[in-house]
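Step one of this worksheet: look at the structure below.
The values are calculated or read from the model by the stated rules, or taken from the named source; none is laboratory data. This structure is a prediction, so every number in the text was calculated from the model and none was measured. Cβ coordinates were reconstructed from backbone atoms using ideal geometry, including for glycine residues, and neighbour counts include every protein chain displayed. Side chains included, ligands, DNA and RNA excluded: accessible areas come from the protein's heavy atoms. Shrake-Rupley method; radii C 1.70, N 1.55, O 1.52, S 1.80 Å.
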Amino acid sequence: MRAEPAVRGASSAPPLPRRRGPIAGASKLIISLVSCILIIAVWEGAVRFGFIQPLFLPAPSQIVNRAMLMLEQGTLFGHVIASTWRVMVGFVLASCVAIPLGIFLGTSALSRAIFDPVLSFLRPLPSMSWIPLSLLWFGIGESQKYSIVFMGSFAPSLLYVMEATKGVDPLLVKAAQNLGAKQKDVMLEVILPASLPQIISGLKVMLGIAWTCVISAELVAAREGLGFLIMNGKEYFQTDTVVLGMVLISLTVMATDIVFRALERRILKWKD
Amino acid sequence: MEGLTSNAVIRFSDVSKSYGSLLALNDVSFNVEEGEFVVIVGASGCGKSTMLNMIAGFDQPSNGRIEVQGKEHSGVNPQCGMVFQQYALFPWMTVEDNIAFGLKMKGQSKAERRQHAQEFIEMVGLRGFEKAYPKALSGGMRQRVAIARVLANSPSVMLFDEPFAALDAMTRQVLQEELVKIYEQQRKTILFITHSIDEALLLSSRIVVMSARPGRIVQDIQNDLPHPRNAEVQLSERYVELKRHIWGSVQAEVMRSIEGAA
Ligand SMILES: Nc1ncnc2c1ncn2[C@@H]1O[C@H](COP(=O)(O)OP(=O)(O)O)[C@@H](O)[C@H]1O
Ligand SMILES: [Mg+2]
């Protein structure tokens, strides 16, 4: 036992309840790892001992086998890359339009009044609802996938950016103007960097939405990609392919999130 | 009195300002000559910030004229550099980039800006902190950056809106001394708002006392205390006399504003 400070014993006040410290980094990692292994083991066992039909949920080992097979055939990464690329193109396009437009709209009440009806109309539309029109407009090629991601993430991104500009301290704008900043400078040098933390956290949410968009687009009409992989697995009753597709989506989204966070830390190193 | 021939840097002629039905300033006329260090004192809410905001061009008078260097301005006028109580530094910029912001707006190249900024970084004693972000600085250091940022932009008038009010007493004293030094070196025209009569007496060449709202000028005193205004001066008869004099009218106005609010 650790020695308590002498004063504690002498004081009449009841001792503070001993608070358990946060679990330290290394032990947290071990706990998470053990939990992960345990879940996989129970799952594997449940299928092996016949509690679960492999057709409904294949064992982890079967999924790994399927992955190895596809790796040998050289098709595995093709699907991952196809989906990731579509997400990136659509997402980057949407951001490139939404960030400047959002900053402009956020700082100009007149333009906000003009765009408000269109935005209010677009916002509630789920990306899925754009699929028929986009097929009509763009066919089933790559641009149709980009457009689905774009349409699904553009309106919410724009709203995030506009909301972020509202949080900018007006005193900073005043200070900038006092130092000679014109309207353009205020937008580029003050509003944009000041709202960047909020914009980035909005974009993180949008990245998740962009993935949902691309998968739904691929489920409907595609020749490669993770959504296609799942759909194709279903057609051939290959449940292991279906689950492999799901696992790959999850891992890829996690990986992009890690990259995004690293980027965020670099860009926002001035934040407390 | 100082008639049409004076080369006033700032000229208020019958200036009134109302916000809706609230009359903030009532018929204020006064001039500030080049090189004066004018400190404005008055009860809170009497329109001191409003005056500075109108000089800087953030706001326009409802009636009357405000001329800066002989011209009326309809927008923000960077010739009147403002130092805010809340520092208003750009948190995403380093000390150096904050100080060079005005130069960037003027279109100076990066190398020019850096060289130019360095002079002011040293003037306010921030050498070694060029690459620090504001989050890493104490309140006193942040206010130094804000002062250097305005100085680097070489305005003809500097406006200070209670710049040291949020600082602890020690830091405040150090900054007051530094500001006096900078004033003596640069000979800028300064308008400075404070709640502290001591601060007013230490810094100013002239003290303007405002009435309770609606603000008017009730006293306009030349501060003839000798420099440097060290402990000895602060214990002198003249200091105490001036302090009593100013305190008398400030107190009367504060009482009036409290009664007015009740
Ligand atoms: N933008 C504004 N809108 C409405 N009222 C304001 C505005 N700015 C200042 N006021 C009012 O005008 C009066 C003077 O304000 P201010 O100049 O800030 O006083 P001081 O700086 O002397 O404390 C106050 O009653 C304040 O509430
Ligand atoms: Mg004020």
Could I have the simple spin-label model distance between A:Leu268 and B:Asp220, label points 7 Å from Cα toward Cβ, reported in nm to one decimal?
5.2 nm
For A:Lys234, counting only aspartates and glutamates whose alpha-carbon sits under 14 Å away and dropping same-chain residues fewer than eight positions off, the answer is A:Glu218
Interface call, region A:161-184: threshold 10 Å², probe 1.4 Å, accessible heavy-atom surface of protein chains, chain by itself vs complex, result A:Leu171, A:Leu172, A:Lys174, A:Ala175, A:Ala176, A:Gln177, A:Asn178, A:Leu179, A:Gly180, A:Ala181
Based on alpha-carbon positions alone, could you give the equivalent ellipsoid semi-axes of region A:61-267 from the gyration tensor, as √(5λ), descending, whole Å?
39, 19, 11
Once neighbouring chains are kept in place and the probe is 1.4 Å, which whole percent of the accessible area of region A:61-267 is contributed by carbon and sulfur?
70 percent
Using the Kirkwood radius over C-alpha pairs as Rh, can you work out the diffusion coefficient of chain B via Stokes-Einstein at 37 °C, viscosity 0.692 mPa s, in µm² per second?
171 µm²/s
Using a simple spin-label model with points 7 Å from Cα along the Cα→Cβ vector, what separation in nm is obtained for B:Lys110 and B:Lys135?
2.3 nm
Only loop residues by DSSP count here, and only those with at most 12 other Cβ atoms within 10 Å; note down the trypsin sites (Lys or Arg not before Pro) in region B:103-166 that meet that.
B:Arg127, B:Lys131
Considering only protein heavy atoms, what per residue accessible area in square angstrom results for the protein assembly as shown with a 1.4 angstrom probe?
53 Å²
Any idea how far apart A:Leu71 and B:Glu67 come out in nm if each label point goes 7 Å out from Cα toward Cβ?
8.3 nm
Using only helices, what value at 222 nm comes out for chain B when you add -39,500 (n - 2.57) per DSSP H run of length 4 or more and divide by the total residues, to the nearest 500 deg cm²/dmol?
-11500 deg cm²/dmol
The ³J(HN,Hα) series, computed from each phi in region B:234-250 with the Karplus coefficients 6.51, -1.76 and 1.60 at θ = phi - 60°, rounded to the nearest Hz and given as x for glycine or proline, is 5, 9, 6, 4, 4, 4, 5, 4, 4, 4, 4, 4, 5, 4, x, 6, 4
³J(HN,Hα), Karplus 6.51/-1.76/1.60, whole Hz, each residue of region A:53-67, x for Gly, Pro:
5, x, 5, 7, 8, x, 6, x, 4, 5, 5, 4, 4, 4, 5
When we measure straight from the Cα of B:Lys131, which aspartates and glutamates land under 16 angstrom away, once same-chain ones fewer than 8 places off are left out?
A:Asp272, B:Glu96, B:Asp97, B:Glu119, B:Glu122
When the dipole is taken about the Cα centre of the protein assembly as shown, and only Lys, Arg (+1) and Asp, Glu (-1) are charged at their Cβ, what size is it in debye, to the nearest 20?
1340 debye
Need one number: convex hull volume per residue for the protein assembly as shown, Cα atoms only, in Å³.
282 Å³
Pairwise FRET efficiency - A:Trp137 versus B:Glu34, Cβ, R0 = 45 Å, nearest 0.05:
0.10
Beta bridges by DSSP in the protein assembly as shown, antiparallel share as percent, to the nearest 5:
55 percent
By a straight-distance test (C-alpha under 13 Å), which aspartates and glutamates pair with B:Lys106 as possible cross-link partners, with residues fewer than eight away in the same chain excluded?
A:Asp185
DSSP loop chymotrypsin sites (Phe, Trp or Tyr not before Pro) in region B:128-198 with at most 15 other Cβ atoms within 10 Å of their Cβ, which ones?
none
Report the B-A buried area as the accessible area lost on both sides summed, probe 1.4 Å, in Å² to the nearest 100.
2000 Å²
